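*Asks:* Here you go, one structure.
The values are calculated or read from the model by the stated rules, or taken from the named source; none is laboratory data. The model shown is predicted, which means the values in this text are computed figures rather than measured ones. No Cβ is skipped: glycine too gets one built from the backbone with ideal geometry, and neighbour counts run over all protein chains shown. Ligands, DNA and RNA are excluded from the accessible area calculation, which covers all protein heavy atoms including side chains. Shrake-Rupley method; radii C 1.70, N 1.55, O 1.52, S 1.80 Å.
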Amino acid sequence: MIRPMKKTTNFDFAASLFRQKAEELLKIRQRKPATQILDTTAQNHFHELELNQIELELLYTELKHTEAALLTSEKSLQEKTDDLLLLANSSFKLLDFNSIDEIYHFLGSKLLQLSGADYMLLSEYNELNSSTTPKLWFGIDQFIGKIVSTLGKDINQIQIPVQDVAKQMDLEFRKKIYCLAGGLHELTVQKVPKAICVAIEKILGIREIYSIGFIWKGHYYGGASFGFKKGNKIKKSDLIDTISNQASLALSRKYAEKSLTENEKKYRGIFENIQDVYYETATDGTILELSPSIKLLSKGQYTREDLIGKPIYDYYEDRDARYKLIQELKKCRQIIDYEIQLINKDGSLVNCSISAELIIDPQGNPEKIVGTFHDITNRKQSEEDLKSALTKAKESDRLKSAFLANISHEIRTPMNGILGFSTLLKEPGLSGDQQKEYISFIEKSGERMLNTINDLMDISKIEAGQMNVIVSEVNMNERINNLHHFFKPKCQEKGIQFLVKNNLSPDKSILNSDRNKIDAILSNLILNAIKYTPQGSIEVGCGIVHAIHESYVQCHVKDTGIGIPLSRQQAIFDRFVHADIEDNAVYEGSGLGLSISKAYVEMLGGKIWVESTLGAGSTFYFTVPYQVHPQTRNNTEEEANPGKESVLSKKLNILIAEDDENSKLFMTISLERLTNQLFIARTGLEAVKLVSDHPGIDLVLMDIRMPELNGYEATRRIREFNSKVVIIAQTAHGLAGDQEKAIEAGCNDYISKPINRIELREMIDKYFYK
Ligand code: ADP
């Protein structure tokens, strides 16, 4: 019996063997009629042979089928092997691509080919507007025009907000390819109207749409959609699923890389440009990292490369401070605004504030310290400044209170005098001498109060920066003589000598400076000398001193008075400070004279100082630059002589334009001996009319504040018809700008109110001296 051949036997060999056996049997059968001897054994044998032949034929057929099946499975095996190779290849490629675009282009070619789709769209999630937009289209080129006109816009402008995608993500945008029952309308998440979708499907001949999302760990990166015409079916869906999954992983990595690179770039930028210094140190203090800003903090003395790897302890001024910082960090893990001092390369110290954190490794051990520090030198300085400003403010507050108390005393005392003696004057039956005595008290009190008010006005103008320097020719000899003459009676009254020791020859005595200010300085010093000298003498004088580049007129006022302790010789020139002197109440005075004098001297470009011995006397010195302008220098100004009315060229026709009765009376009396004819105007208009009606008027004393027409306007009108008349404006003492405005309006000169008789005479001398 022939055994069935094992299927593994070579088929062709077996087939030829069967064929050979079959042919042998055939030959035996054909010979049978010839022998004509048929015994039973032979017949049985023959029958068995026939059965064998049938069995062989059956086997042959079976083998043929097996051969066909083997061929089919060999082919399918080959296909599977190809698919596996494709997957292996694609997974390698997808992970190896450099950009997201490369991934999409690869997907484009592979998925279209595998799916056998007629059309394909790859879309991408766009982080900027949180929506998906078309990225690559396949197969629609020839229909673009029609699609765009049906859609009414560029197909690439279709945006599907990602939250709408997310809504569907679990159901539709699965990781396996699926058929969209709703076609294009469903694909656009109903963003494109159904009618338009149907029209587009018609244009493209689409029957079926499939889609798959590129999703990795819950993140959506985009997707692929496939369009099939009638009769076409999706192929290789398993492969599409797998490649899409590989693509999702590759896309997730690329996006992660992209954001990592962007973050790295961002943090690198911060690290490079940060003003504070970023640092990392190991727990043993070794510097692991430093930002380049260390160069700025160390004023260019260190770079980060200089310091990385070095022990941070070496740069602490106080190593204990670092130790304490570590202890603190171990306790709280974090410190903020911890102040330390670092040592720079040149040994200088930099005040720094550190904020740091202790980083712990996964095993719970301290790993390193990271933090930032910045220079707080300026902050420290500001704190110091603030402290000292606070001390000064407190001090100045204390001094101001003392000053106010003093000023209040200075105003109340003379006021009491004025009111008290005025009341006494009303008493009936007073003798002439008594009346004179009371009036003299009232005068003195008035003078004292006026001084205080003048000082206050001056200091406030100086503080407000409104005190101007008005330069004119100043004859120093004349000034000193005038003052000597003026103050001599006061000295005599007190029983002290008043000497002049002047070293300026008449031809050297004229300089260009501010006459009023020099007068004020000298007056202040002389008054103080008189005030603080109970007996002995005072001396005033000036000379020229030469410095390297400039010459100065140096004046001195010397006395044999009470003197000033060394500790206060500086302070007495400061505002408010000297008012604090304990025994000041003994001496009257606002306590502002020297600070005003100092301000004036400095305005004129000079210096003021004192040399003094307590109990023996003081000498005050001040200098002003000796500036002489040849063109202004002439010899017409003679030595002043207050008693020289008789040498005026003539008696004058004077107009006093003044609305205040007291001032008018004062001037009328003061000018009595110089006057030929006196005119009085109460308003600006009256003044203009009087000058116009009386062309012989020589001098107008023009008050600025008058009813109807002010002094400036009245002067302007007078100047329209009379340029010769001398107009002297009476300006308010405390108001800046009045004097300039007066000159501008056409006045020849100005004199400050309240008017001083001597000044008035000097002014008149200036214009009418023979
Ligand atoms: P006042 O004299 O009104 O107090 P000053 O500013 O003129 O203000 O002077 C400030 C202080 O300087 C005076 O209070 C006084 O203590 C001291 N002083 C000024 N001049 C003299 C002087 N010639 N002799 C002694 N002390 C003087």
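*Asks:* Along each of its three principal axes, how wide is the spread of alpha-carbon positions in region 677-736, in whole angstrom units, largest first?
*Replies:* Principal axes ranked by extent give 33, 23, 20 Å for the Cα atoms.
*Asks:* Ignoring ligands, DNA and RNA, what accessible area per residue does the chain give at 1.4 Å, in Å²?
*Replies:* 56
*Asks:* Let me ask something additional. Cα-based count: Lys pairs in region 72-148 below 29 Å, eight or more positions apart or different chains?
*Replies:* 9
*Asks:* Going toward the positive end of the dipole of region 73-133, with +1 on Lys and Arg Cβ and -1 on Asp and Glu Cβ, which of 97, 86, 122 do you reach last?
*Replies:* Looking along the dipole axis, the top candidate is 86.
*Asks:* Something else now. Please go through region 498-563 and write out the trypsin sites (Lys or Arg not before Pro) that DSSP classes as loop and that have at most 15 other C-beta atoms within 10 Å.
*Replies:* For trypsin sites (Lys or Arg not before Pro) across region 498-563 that sit outside H, G, I, E and B with at most 15 neighbouring Cβ atoms in 10 Å, the list reads 501.
*Asks:* Around residue 680, which amide H atoms from residues at least 5 apart in sequence, or from another chain, sit under 5 Å from its own amide H, with H modelled in the peptide plane?
*Replies:* 656
*Asks:* In addition: If you take the beta carbon distance between residue 678 and residue 411 as r and set R0 to 30 Å, what does 1/(1 + (r/R0)^6) give as a FRET efficiency, to the nearest 0.05?
*Replies:* Efficiency, rounded to the nearest 0.05: 0.30.
*Asks:* Over the chain, calculate the relative contact order: mean separation of alpha carbon pairs under 8 Å at least 6 apart, over the residue count, as a percent.
*Replies:* Taking the mean separation of contacting Cα pairs over the length of the chain, I get 6 percent.
*Asks:* Report Rg(Cα)/(2.2 N^0.38 Å) for the chain, keeping two decimals.
*Replies:* 2.13
*Asks:* Moving on to the next point. Looking at region 674-755, which trypsin sites (Lys or Arg not before Pro) are DSSP coil and have at most 10 other C-beta atoms within 10 Å of their C-beta?
*Replies:* 724
*Asks:* Can you pull the Kirkwood radius for region 197-326, inverse mean 1/r over Cα pairs, to one decimal in Å?
*Replies:* So the Kirkwood estimate lands at 20.4 Å.
*Asks:* Taking amide H atoms as placed 1.01 Å from N in the peptide plane, list the residues 5 or more away in sequence, or in a different chain, whose amide H sits under 5 Å from that of residue 544.
*Replies:* Close amide H contacts, sequence-distant or interchain: 554.
*Asks:* Quick one: of 236/265; 202/235; 380/598; 494/753, which pairs are farther than 31 Å apart, Cα to Cα?
*Replies:* The pairs that break the limit, which is 31 Å between Cα atoms, are 236/265; 380/598.
*Asks:* Still on this structure: Show me the GluC sites (Glu not before Pro) within region 83-163 that DSSP assigns to loop and that have at most 16 other Cβ atoms within 10 Å of their Cβ.
*Replies:* 127
*Asks:* Can you work out D for region 659-770 in µm² s⁻¹ from Stokes-Einstein, where Rh is the Kirkwood radius over C-alpha pairs, the temperature is 37 °C and the viscosity is 0.692 mPa s?
*Replies:* Reported coefficient: 234 µm²/s.
*Asks:* Would you be so kind as to identify which of 245, 482, 534 lies farthest towards the positive end of the dipole of the chain, taking Lys and Arg as +1 and Asp and Glu as -1 on Cβ and the Cα centre as origin?
*Replies:* Positive-end residue among those listed: 245.
*Asks:* List, largest first, the extents of the alpha carbons of region 382-514 along their principal axes, each in whole Å.
*Replies:* Between the extreme Cα coordinates on each principal axis of region 382-514 lie 71, 48, 28 Å.
*Asks:* What does the convex hull of the Cα atoms come to per residue for region 118-158, in Å³?
*Replies:* 64
*Asks:* Give the cross-link partners of residue 27 among the aspartates and glutamates, using a straight C-alpha distance below 16 Å as the criterion and excluding same-chain residues fewer than 8 apart.
*Replies:* Result set, ordered by chain and number: 48, 50.
*Asks:* Could I ask something else about it? Using the alpha-carbon atoms, what tilt in degrees (0 to 90, nearest 10) does helix 757-768 show relative to the longest principal axis of the chain?
*Replies:* In the chain, helix 757-768 runs at an angle near 90 degrees to the longest axis.
*Asks:* State the answer as a single residue: which of 417, 323, 570 lies farthest towards the positive end of the charge dipole of the chain, with beta carbon charges of +1 for Lys and Arg and -1 for Asp and Glu, about the Cα centre.
*Replies:* 323
*Asks:* Turning to a different aspect of this structure: Probe radius 1.4 Å, ligands and nucleic acids left out: which of 560, 619, 286 has the largest accessible area, and how do the rest follow?
*Replies:* 560, 286, 619
*Asks:* Hey, if you drop one equal point scatterer on each alpha-carbon of region 40-138 and run the Debye formula without solvent, what base-10 log of I(q)/I(0) do you get at q = 0.14 Å⁻¹?
*Replies:* At q = 0.14 Å⁻¹ the computed log10 ratios are -0.77.
*Asks:* Can I ask one more? How large is the dipole of the chain about the Cα centre if only Lys and Arg carry +1 and Asp and Glu carry -1, each at its Cβ, rounded to the nearest 20 debye?
*Replies:* 2320
*Asks:* I've got another one for you. For residue 368, list the aspartates and glutamates whose Cα falls under 15 Å from its own Cα; do not include residues on the same chain fewer than 8 positions away.
*Replies:* Straight-line reach from residue 368, under 15 Å: 280, 284, 289, 328, 357.
*Asks:* Just check region 453-493 against the gyration tensor rule for me: Cα atoms, a ≥ b ≥ c as the square roots of the eigenvalues, rounded for a/c under 1.5, and otherwise prolate or oblate depending on whether a/b exceeds b/c.
*Replies:* Oblate is the answer for region 453-493, as a/c is 1.5 or above yet b/c matches or exceeds a/b.
*Asks:* Considering the Cα trace of region 54-103, what is its radius of gyration and what is Dmax, both in angstroms?
*Replies:* In Å, with Rg to one decimal and Dmax whole: 20.9, 68.
*Asks:* Using only the alpha-carbon atoms, how far is helix 661-670 inclined from the longest principal axis of the chain? Give it as 0 to 90 degrees, nearest 10.
*Replies:* Value to nearest ten degrees: 50.
*Asks:* Placing +1 at every Lys and Arg Cβ and -1 at every Asp and Glu Cβ, with all other atoms neutral, what dipole size does region 395-461 have around its Cα centre, in debye to the nearest 20?
*Replies:* Here region 395-461 has a charge dipole of around 120 debye.
*Asks:* Also, quick follow-up: Please give the helix 100-115 orientation as an angle from the longest Cα principal axis of the chain, in degrees from 0 to 90, rounded to the nearest 10.
*Replies:* Helix 100-115 sits at roughly 20 degrees to that axis.
*Asks:* So which lysines can residue 426 reach, going by Cα to Cα under 20 Å and dropping same-chain residues fewer than 8 places off?
*Replies:* Within the straight-line limit of under 20 Å, residue 426 reaches these lysines: 436, 444.
*Asks:* Seen from all sides and averaged, what is the projected area of the convex hull of the Cα atoms in region 348-436, in nm²?
*Replies:* The directionally averaged projection comes out at 12.8 nm².
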